[in-house]
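Inspection log for the structure reproduced underneath, given as structure tokens.
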Amino acid sequence: MSKGQPVSNGMKPNFTLYKNISWALVTLLIISITFSLLFVPMKKPVELTISQLVERINKGEVEKIIVRGNDLSIDLKNKDTAIAKKENIPLDDHLPRQVIEFLLKEAEWQETS
């Protein structure tokens, strides 16, 4: 061997490149399989109507309710989550007048009975 010539181990440079790429792919595959087994995706929350929510409250299945505007986020005792929307009652300008008329009629009915 002369001085200035590189020492060769008999392998071609392309072979080591392919070997390194294949090891990188195998490593990434193992990492992705590990993460997919460890991290289970979260369940989608169950959508409930107000009457279904009331049923679950009466049965004692509800642990906590968080109100955000018209949206309700419900934590159930079995560690599931649910969502519901508050019922919107349309407000009418005549609603207070109708309530007062009803109360007056009820008062008159009680006096005559």
Would you confirm, using the coordinates I've provided, whether Lys44 is in a loop (DSSP other than H, G, I, E, B) and closer than 28 Å to Lys85 by Cα?
yes
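Results for (1) closer than 30 Å to Ala84 by Cβ; (2) surrounded by fewer than 10 Cβ atoms within 10 Å (Cβ to Cβ); (3) modelled with pLDDT of 85 or more; (4) touching a helix residue (DSSP H, G or I) at 6+ places or on another chain (Cβ under 8 Å), shown as yes or no for each residue.
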residue	(1), (2), (3), (4)
Lys3	no, yes, no, no
Lys12	no, yes, no, no
Tyr18	no, no, yes, no
Thr27	no, no, yes, no
Val40	yes, yes, no, no
Leu48	yes, no, yes, yes
Leu53	yes, no, yes, no
Val62	yes, no, yes, yes
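The values are calculated or read from the model by the stated rules, or taken from the named source; none is laboratory data. Here the structure is a predicted model, which is why all the values come from computation and not from measurement. Don't worry about glycine lacking a Cβ; one is built from the backbone with ideal geometry, like all the others, and counts go over all protein chains shown.
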